[in-house]
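A quick write-up on the structure given underneath.
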Amino acid sequence: MTSWRRVYQPGGTVFFTLVTEGRAPILTTSDGRRILRSVMSACRERWPFKIPATVLLPDHLHTIWTLPDGDSDYSTRWAWLKKEFTKAWLESGGTEQVISLSRRSNRRRGVLQRRFWEHTIRDERDFQRHLNYIHYNPVRHGYADCAVKWPWSSFHRYLRNGMYTRNGAARSCASPTSSIPLGNNAPTVRAGDSSPTFSQWFAI
Ligand code: NI
């Protein structure tokens, strides 16, 4: 059994995307990261769950959560996280976007978008696809020319644990002058190309 197979658990594994209000680039600021880390850890103390993969972009995040057996209540967790993040962000002097009066009346603040995208992971193949999507996302959005060059991603954990090969990581790079040595036959992937397939990345 390859190591990545142990990461996926059938049942309560869900992919999420959360976007900031007005796509404000606040999440990768030092305050944004500090607050997110702190509220995420407090949330997991109250309601445990695993985070098999995550990537933080300036204006959104993608993440995969695995909830404990018999627990599918991610809505409570997200509602709490968003409320606590918003409170701490505003308390730290963070800015917010102007939102309409009708939304204001629901005591909403203009920090995070109200909705989040969720997709229940169907099987291992689907899990692999979303993992790949998460780790390649900074390249896809043009923030980095290699997955490995984006600091706020679980890509590094997977690389450390040997779940990506160095060569596979190099293939995620748009530039042959990447800090990871390219193998002789390693193809390059340009920003804007479709994501490389999972098997190109993993040591399987
Ligand atoms: Ni994205």
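The values are calculated or read from the model by the stated rules, or taken from the named source; none is laboratory data. The model shown is predicted, which means the values in this text are computed figures rather than measured ones. Neighbour counts run over all protein chains shown; Cβ positions are idealised from the backbone, glycine included.
All but one of (1) under 16 Å from the mean Cα position of the chain (by Cα); (2) at pLDDT 90 or above; (3) under 19 Å from S154 (Cβ atoms); (4) surrounded by 12 or more Cβ atoms within 10 Å (Cβ to Cβ) hold for C43; state the number of the condition that does not hold.
All conditions are met except number (1).
Restricting the search to region 107-135, which residues are assigned to a loop (DSSP other than H, G, I, E, B), closer than 12 Å to T13 by Cα and at pLDDT below 90?
To start, the set of residues in region 107-135 that are assigned to a loop (DSSP other than H, G, I, E, B) comprises 107-111, 121-123.
Applying the additional criterion that residues be closer than 12 Å to T13 by Cα yields 121-123.
Once the filter is applied, which keeps residues that are assigned to a loop (DSSP other than H, G, I, E, B), closer than 12 Å to T13 by Cα and at pLDDT below 90, region 107-135 yields R122, D123.
Is it true that R33 is surrounded by 14 or more Cβ atoms within 10 Å (Cβ to Cβ), touching a residue at least 40 places away in the same chain (Cβ under 8 Å) and of a type in the set (K, R)? Step through it out loud before you land on a result.
Details: surrounded by 14 or more Cβ atoms within 10 Å (Cβ to Cβ): yes; touching a residue at least 40 places away in the same chain (Cβ under 8 Å): yes; of a type in the set (K, R): yes.
Here the answer is yes, as R33 does meet what is asked.
What are the residue pairs meeting all of these: first residue in region 52-78, first residue closer than 16 Å to W117 by Cα and at pLDDT below 95, second residue among the acidic types (D, E) and within 16 Å of the ligand (Cβ to nearest atom), Cβ atoms under 8 Å, and 6 or more apart or on different chains?
Between residues of region 52-78 that are closer than 16 Å to W117 by Cα and at pLDDT below 95 and residues that are among the acidic types (D, E) and within 16 Å of the ligand (Cβ to nearest atom), the close pairs are Y74/E118.
So is S153 at pLDDT below 85, of a type in the set (G, A, S) and either more than 16 Å from the ligand (Cβ to nearest atom) or within 24 Å of D59 (Cβ to Cβ) (or both) or not?
Working: at pLDDT below 85: no; of a type in the set (G, A, S): yes; either more than 16 Å from the ligand (Cβ to nearest atom) or within 24 Å of D59 (Cβ to Cβ) (or both): yes.
Judged against the criteria, S153 is not a match.
Consider region 48-72. How many of its residues are within 16 Å of the ligand (Cβ to nearest atom) and part of a strand (DSSP E or B)? Steps first, answer last, please.
Taking region 48-72 and keeping what is within 16 Å of the ligand (Cβ to nearest atom), we get 53-64.
Next, from what is left, pick out any that are part of a strand (DSSP E or B): 53-56, 60-64.
Looking only at that region, the number is 9.
Give the residue, chosen from T17, T29, that is in contact with a strand residue (DSSP E or B) (Cβ under 6 Å, 6 or more places away or on another chain) and either under 18 Å from S154 (Cα atoms) or away from the ligand (no atom under 16 Å from the Cβ) (or both). Before the answer, list the steps.
Numbers: T29 fails: in contact with a strand residue (DSSP E or B) (Cβ under 6 Å, 6 or more places away or on another chain).
Going through T17, T29 in turn, the sole match is T17.
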